[in-house]
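Below you'll find the structure, written out as structure tokens, and then a few comments.
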Amino acid sequence: MPDSLNYLKPFAITGQIGYSIPSSVKDDNTGEEHSNDLVYGFTVQYSIPYLQQHVKDIGLSAPFNKLVPLVEFAFDKPLNRVDDRHTTGTINPGLIWMGQDEQIGLEAVLPLNNESGSGVGFLAQVHFYLDDIFPTTIGRPIW
């Protein structure tokens, strides 16, 4: 990338696509059938740690120097066993803080359409990097 576009280097786009198969086709309590679903989505992220370490140190101090603002787009399309096969989805703006041994994320969950719901939700995640926390035991290769 040319030097004039240095501030675009910390941007990242990730994506995923999958096929979801329920463990049970029918709910024993309600009789509701569950479909196989196509699940897909993508994120747009801006890595402040990458900006500070590889583009230009803009002088942010902890905890802001370890933040990654992002927007996640998540979709679900029922494929069979249900009459209503509308795609549902959410748009999830949020922040991830990346520590040495852990990662903490907070996102708002905004429905994309009427089939996705009407209320705003929140998502919180905590990830522990077990290979960094226990490098001499479960963090080692098996063979």
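The values are calculated or read from the model by the stated rules, or taken from the named source; none is laboratory data. Here the structure is a predicted model, which is why all the values come from computation and not from measurement. Every residue, glycine among them, receives a Cβ derived from its backbone with ideal geometry; neighbour counts consider all protein chains shown.
For the stretch 24-78, a residue qualifies if it is β-branched (Val, Ile, Thr), over 21 Å from residue 113 (Cβ atoms) and in contact with a strand residue (DSSP E or B) (Cβ under 7 Å, 6 or more places away or on another chain), and the qualifying residues are 25, 48, 68. Total residues in the stretch 60-77 satisfying the condition of being over 30 Å from residue 134 (Cβ atoms) and at pLDDT 90 or above: the figure is 7. In this structure, residue 43 qualifies as hydroxyl-bearing (Ser, Thr, Tyr), surrounded by 13 or more Cβ atoms within 10 Å (Cβ to Cβ) and at pLDDT 95 or above.
Annotation note: Cβ proximity below 9 Å between a residue of the stretch 80-91 that is of a type in the set (Ser, Thr, Tyr) and a residue that is part of a loop (DSSP other than H, G, I, E, B) and surrounded by 13 or more Cβ atoms within 10 Å (Cβ to Cβ) (sequence gap 6+ or interchain) occurs for 87/112; 88/112; 88/117; 90/112; 90/117. All of (1) of a type in the set (D, E, K, R); (2) surrounded by fewer than 18 Cβ atoms within 10 Å (Cβ to Cβ); (3) closer than 22 Å to residue 17 by Cβ hold for residue 102 with one exception: (3).
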